[in-house]
Amino acid sequence: MNNPIGIFDSGIGGISILEKLENVLPFENFIYLADNDNCPYGNKSKEEIIKFSFKNCEKLIELNCKIIIVACNTATTNSINFLRSKISIPIIGIEPGLKPAIIHTKTKNIGVLATEQTLDSNLFFETLAKNKIEDIKIHEQVGFDLVKMIENGETDENKLYNILQNYLSPMIDKNIDCLVLGCTHYHYIIDTIKKIIPKNIQLIDTITPVTNHTINILKLNNLINTSNEKRYVKVFFNGNNLSRKFIGDDYKIRYLKF
């Protein structure tokens, strides 16, 4: 089936997932929606996040997508159950990353850098309750302003470093050995994060599990593209502009009202 795989995020964060999927699924078509007119989702109410997420899904279905990937931690944790109850095609979300961190931690201290709404969501608490071992401590930090900076393509490395140091230092002082990045946008600032955290702290990858799950869902539902036609990748945004600082030149980006 050559229908596209649909992906959405509040902005460019989910491009990191799109890039990975492109590499492992070279024959699949993709449509990516950057809902940057409503970005960031992290400081919105749960009701607003559900409304935005459903709107995005409706547009991707209108564009004949065969599955939808919610490439946004905030949207996943706040709306995934609602979306699955309303939409018949497969919906794939992003796991909070707590389970692998709990498995790998030796110091019994885990850091989580995420948005306000991800940390406050029911799914986050449910995942924590299902997997948390009583002697493991979770140290949470809201990444205030980080998504906005990334979306705007802000290039002041010193400013970014200072902000991240303020966010990460308290968790480092708590002897964390795993750091969960609970927002796809943070993938683009990993190099700066690595300059701050000690080498013994493991960054938890939440992109590979999404990729593997997508492949499994495509196979399970007989949705693998077997067409020999040249594939396409379309990236749409609905705000005033979309920064290309973190996006490859090979993407054709267009405005679309949704």
- Note the angle between two axes, namely the Cα long axis of helix 73-86 and the longest principal axis of the Cα atoms of the chain, as a number of degrees from 0 to 90, rounded to the nearest 10. 40
- Just one of (1) 35, 24, 16; (2) 30, 21, 17; (3) 26, 22, 17 is semi-axes √(5λ) of the Cα gyration tensor in Å calculated from these coordinates, so which is it? (2)
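Where does the charge balance sit around Tyr167 when Lys and Arg score +1, Asp and Glu -1, over other residues with C-beta under 11 Å from its C-beta?
Working: positive: none; negative: Glu140, Asp145.
Charge balance near Tyr167 sits at -2.
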- Note on the structure: Note to self: C-alpha centroids of the range 207-258 and the range 90-165 sit apart, in Å, by 24
- For Glu140 paired with Asp205, estimate the spin-label separation in nm (one decimal), with each label point 7 Å from Cα along the Cα-to-Cβ line. 2.7
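What full-extension length gain, to one decimal in nm, is calculated for Met1 and Asn81 as 0.36 nm per residue of separation minus the Cα-Cα distance? Provide the component values of the computation, followed by the final result.
Numbers: separation 80, 0.36 × 80 = 28.80 nm, distance 2.61 nm.
Here the answer is 26.2 nm.
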- Message: Between Thr107 and Ser243, how high is the FRET efficiency from 1/(1 + (r/R0)^6) when r is the Cβ-Cβ distance and R₀ = 45 Å? Nearest 0.05.
- Response: 0.75
- Rounding to the nearest 20 debye, state how big the charge dipole of the range 98-204 is about its Cα centre with +1 on each Lys and Arg Cβ and -1 on each Asp and Glu Cβ. 480
- Query: Roughly what angle does helix 15-24 make with the longest principal axis of the chain, taking Cα atoms, 0 to 90 degrees, to the nearest 10?
  - Reply: 60
- Net charge dipole size for the range 205-258 [Lys, Arg +1 and Asp, Glu -1 on Cβ; Debye, nearest 20]: 260
- Item | For the range 98-204: rounded, prolate or oblate by the Cα gyration tensor [a/c cutoff 1.5] | oblate
- Note, ³J(HN,Hα) from phi for the range 150-164, Karplus 6.51, -1.76, 1.60, rounded to Hz, x at Gly and Pro: 5, 4, 7, x, 5, 10, 6, 5, 5, 4, 4, 4, 5, 5, 5
- Query: Taking the Cα centre of the chain as the origin and placing charges on Cβ (Lys, Arg +1; Asp, Glu -1), which of Cys178, Leu63, Phe125 is farthest toward the positive end of the dipole?
  - Reply: Leu63
- Message: Below 22 Å, Cα to Cα, which lysines can Lys245 reach? Residues fewer than 8 away in the same chain don't count.
- Response: Lys20, Lys148, Lys159, Lys194, Lys195, Lys234
- Treat every Asp and Glu Cβ in the chain as -1 and every Lys and Arg Cβ as +1, leave all other atoms uncharged, and give the resulting dipole magnitude about the Cα centre to the nearest 20 debye. 460
- Using a simple spin-label model with points 7 Å from Cα along the Cα→Cβ vector, what separation in nm is obtained for Phe258 and Glu62? 0.9
- Task: With an 8 Å cut-off on Cα pairs and a minimum separation of 6 or more residues, tell me the relative contact order of the range 136-200 in percent.
- Result: 46
- Compute the distance in nm between two label points, each set 7 Å from the Cα along the Cα-to-Cβ direction, one at Lys234 and one at Ile196. 3.8
- Item | Angle in degrees between helix 122-131 and the longest Cα principal axis of the chain, rounded to the nearest 10 | 60
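Contour minus end-to-end for Lys55 and Asn166, with contour as 0.36 nm per residue of separation and end-to-end as the Cα-Cα distance? Show your work: numbers first, answer last.
On the way: separation 111, 0.36 × 111 = 39.96 nm, distance 3.57 nm.
36.4 nm is the gain from fully extending Lys55 to Asn166.
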- Burial ordering of His139, His185, fewest other beta-carbon atoms within 10 Å first: His139, His185
- Task: Quote the relative contact order of the chain in percent (integer), defining contacts as alpha-carbon pairs under 8 Å separated by 6+ residues.
- Result: 28
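In deg cm²/dmol, rounded to 500, what helix-only [θ] at 222 nm does the chain give when every DSSP H run of at least 4 residues adds -39500 (n - 2.57) and the total is split over its residues? Don't jump to the answer; show the numbers that get you there.
Values: 10 runs with 107 residues, N = 258.
Roughly -12500 deg cm²/dmol at 222 nm, from the helical runs in the chain.
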- Note on the structure: Per the charge dipole of the chain (beta-carbon charges, Lys/Arg positive, Asp/Glu negative, Cα centre), the residue among Phe82, Leu146, Ile190 reaching farthest to the positive end is Phe82
- Query: Using the Karplus equation 6.51 cos²θ - 1.76 cosθ + 1.60 (θ = phi - 60°), what ³J(HN,Hα) coupling, rounded to whole Hz, does each residue of the range 179-185 give in order, writing x for Gly and Pro?
  - Reply: 10, 8, 8, x, 7, 4, 4
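The numbers here are math on the coordinates, done by the rules we state, and not lab data. Just so we're clear, the structure is a prediction, and the values are computed from it rather than from any experiment. We place every Cβ from the backbone using ideal geometry, glycine too, and count neighbours over all the protein chains shown.
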